[in-house]
1. Which residues make up the longest stretch of chain B clear of GluC sites (Glu not before Pro) that lie in a DSSP loop with no more than 10 other Cβ atoms within 10 Å, not counting the sites?
2. Mind jotting down the distance between the C-alpha centroids of the range B:352-417 and the range A:334-366, whole Å?
3. Calculate, for B:A169 and A:K201, the FRET efficiency according to 1/(1 + (r/R0)^6) with r their C-beta to C-beta distance and R0 41 Å; round to the nearest 0.05.
4. From the label point of B:L64, set 7 Å along Cα to the beta carbon, how far off in nm is each other copy's matching point, shortest first?
5. Let me check I've understood the local charge: for B:R82, count other residues with C-beta under 9 angstrom from its C-beta, Lys and Arg +1, Asp and Glu -1. What total comes out?
6. Roughly speaking, what is the stretch gain from B:S259 to B:N385, that is 0.36 nm per residue apart minus the C-alpha to C-alpha distance, in nm to one decimal?
7. Between B:E139 and A:E139, what is the spin-label point distance in nm, taking each point 7 Å from the Cα along the Cα→C-beta axis?
8. For the pair B:S26 and A:K132, how long in nm is the line joining their label points, each one 7 Å along Cα→Cβ?
Protein chains: 2
Amino acid sequence: MKSDVVIIGGSAAGLMAAVTLKKRSSEKTVTVIRDVVKTPVPCGIPYIYGIMGQVDKDLIPDQLFIDQGIKILQKEVTDIDRAKKEVIFADEGRVSYDKLIIGTGSKPFVPPLPGIDKANVFTVHKDTNCLKKVYRALEPARNVVVIGGGFIGVEMAEQIAMMGQKAGAEKTVTVVEMLPRCLMLACEEDFCLEIEGELKKLGITVKTNCQAGEITGRDKVEGVKLADGEVLAADAVIIGIGAQANIDLAVKCGLAANSRGGIMVDKYMQTEDPDIFAAGDCATKFSCITGKPSGIRLASVACGEGMIAASNLDEKKRETLGALGAFSTMVGQRAVAAAGLTTKAATEEGIDFVIGEATAPNRHPGHLPGAIPDMKIKLLFRKDNGQVIGGHVSGGEAASDMVNIIAVAIQAHLTAEQLAVMQYATHPLMTSSPLSYHVMLAAENASVKLS
Amino acid sequence: MKSDVVIIGGSAAGLMAAVTLKKRSSEKTVTVIRDVVKTPVPCGIPYIYGIMGQVDKDLIPDQLFIDQGIKILQKEVTDIDRAKKEVIFADEGRVSYDKLIIGTGSKPFVPPLPGIDKANVFTVHKDTNCLKKVYRALEPARNVVVIGGGFIGVEMAEQIAMMGQKAGAEKTVTVVEMLPRCLMLACEEDFCLEIEGELKKLGITVKTNCQAGEITGRDKVEGVKLADGEVLAADAVIIGIGAQANIDLAVKCGLAANSRGGIMVDKYMQTEDPDIFAAGDCATKFSCITGKPSGIRLASVACGEGMIAASNLDEKKRETLGALGAFSTMVGQRAVAAAGLTTKAATEEGIDFVIGEATAPNRHPGHLPGAIPDMKIKLLFRKDNGQVIGGHVSGGEAASDMVNIIAVAIQAHLTAEQLAVMQYATHPLMTSSPLSYHVMLAAENASVKLS
């Protein structure tokens, strides 16, 4: 079998690469190979357990891609024969390629905790069969401990609590986070506190500055012993403490890669083999703000890299801007969103910056339906050139699109002064007043400090 | 009486100028003079009649500004003595100024229709007393005709229909629009059709390509006779066909101004008198896209100009980028938003452009709560340099913030290629998938055409 382009991996990076190829080089045959039967929507996984109530409701529909002429194969890839330019399957079949894109993603970190291999202790794999096992274990569980208070941990905790409520059998859910706050790597502390507050309102216990020491129980988990000696009862444990690049295949075929950063790629997402590109969680990244190596692994970054890799197969046309951490989530009634650096991260980078903040209702007047009286924004600007390096929003569902104004501004190197004097659409039923549109007001407040 | 800065006009431009001064030059005394008792939120006016149900619920709170040290005076200004640098009141009082900002806004266009002065025929003034008169007339009205299908007309029609429903006495509401579609000056035709569809779902009759010829009735309006002879029964008529600069005071004190464009100002919002600035609907504007004179009158533009005028009083520091038409509205269940040029306007300007479009749900997977399956975006990019010159969004409440990504991109002269390779925050509960985030996808679709 032969395909002009073979893509290993059927999630964000791989699918985006495939779509981009069909858009830009429609004559090429494109084959996406994945080892799972179906591909879950990765960011949707937590919502399986609460809102959706079913693993099979969280699928990326294959047909959408098949309709674009993309071939999808379910195969386990065991090796790449770079000399013959062939991908080798576990069933000994092969597919040859002109160009290969590796999008093998990441594997969840498994902490070296005593007892971690007991039954009902799970990391979150992007595989429907694994997700169904988790579902079956969570359903009857009364006590659930979530280790890790990042996005996945916080969202899982919220949705597991909802799972119990929907079933009329409330679960005792505890989040255990090593850092002083949940979401702290991405969000400002005051925004983290808002989300912790929402979790508490939902009856979830949040334990920060807190480390798990041991998983207790016989074959099956019975508790999580914390570093301070306290033991939390647990019928099931979810571990969400991050992910590392899945470089197994790349290493096997001799491509330069390291387990921390991923498969070595240049700005064109090309590996040291000119016919092989890598994109997404499995590839090395640098920060679009500092230019330094970045550990950010996000579907949005993966999509961007998949698009860039696919655009460069025949000719180097597009460079990555570097990875931008642009996140959002909604917990309870509150959305928080972030793009770029936090105060803590910028300080650690040694960047001299000023902060511009604004709080205003997301409606005007502020009593209109759907009003959130205290929608907040916090923007960070470099002192030396005024450029925005971070933005944090909390409020309602529009927070996610508002933070993308900042995401664009960061990637286009816009300044406080530029964002302050720009004009923005406003509407009584959807935004704050034009006198206090969050982005403008925070930028102006920073611009005053910079002038 | 003396104030370092006197601002005539207490709406968007005036208040933004005052706030900016208190932020940037807190030692200056700032007095805002207005002729109305209270200032309505201008964009909120339509919602008085439906959602709010009361004129006094749509007020800009004075206290917010008083707390910042701004003095607010209710006075009718009759003249400006430029030689003495004094503003003269109808009650013969005076206030002297070092610097003066004129923000006298606009006056609704009154079409030369026979019968226009009959009772219960209203244009929309930003004055609570006038708005209360309109309220009292609309309450008992069974048949209401709205002349003009721009933003104000469409929103008034929707809210008047709601007023009837809330009272349990449905009103027959008709919108009469001269152009082929409602909202056509701001929005793409397919987006206009969506809004017309929403109006129709609410039982409102939409008559496009249709001109009012005469207001019939004795003293009080009884009907609107259309150019084709049809007569629409009407107990009340609302006219919302646009506004013209209120230049009366400027003309009276000898400042260069014309009734079409407004008070002549430079890029610093300075009039020909170096001590007098003008901002908002009363001031001349140019388009930030074409550089040509612009008739756009929006609170968002006024706020920007107020900020710029206030920043330049002592030293010319900030230039306006030119007016950007950035709008949004929500009618029934659909939000539409626009920034910059429509296809029609760009064509009329002789600009060669390509369009990038995308349609995707605003959730992923697309069945999550709050999903709008067909959230749409349409972007216009110049063929010569790839820069974005227009963006149109329809969907849910986040449309308003999504269009502001485009507003920023237009004002920063970003290209299709830049917007395509950028990364954007996405979340299952708030946005489309990262594979199909609207801005990215539409920009990539255009970039393919441009490459």
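1. Details: sites that count: B:E27, B:E92, B:E315.
Longest stretch, sites excluded: B:93-314.
2. So the two Cα centres are separated by 24 Å.
3. 0.50
4. In ascending order, 3.9 nm.
5. On the way: positive: B:K84, B:K85; negative: B:D81, B:E86, B:D273, B:D275.
Spelling it out: positives minus negatives among the neighbours equals -2.
6. Details: separation 126, 0.36 × 126 = 45.36 nm, distance 3.57 nm.
Additional length available on full extension: 41.8 nm.
7. Placing both labels 7 Å beyond Cα along the Cβ direction yields 5.9 nm.
8. Simple spin-label model gives 6.4 nm for this pair.
Here, each number is a calculation from the coordinates, and none is a lab measurement. Every value quoted in this text rests on a predicted model; they were computed, and no experiment measured them. For neighbour counting, all protein chains shown are included, and Cβ atoms are generated from backbone atoms with ideal geometry for every residue, glycine included.
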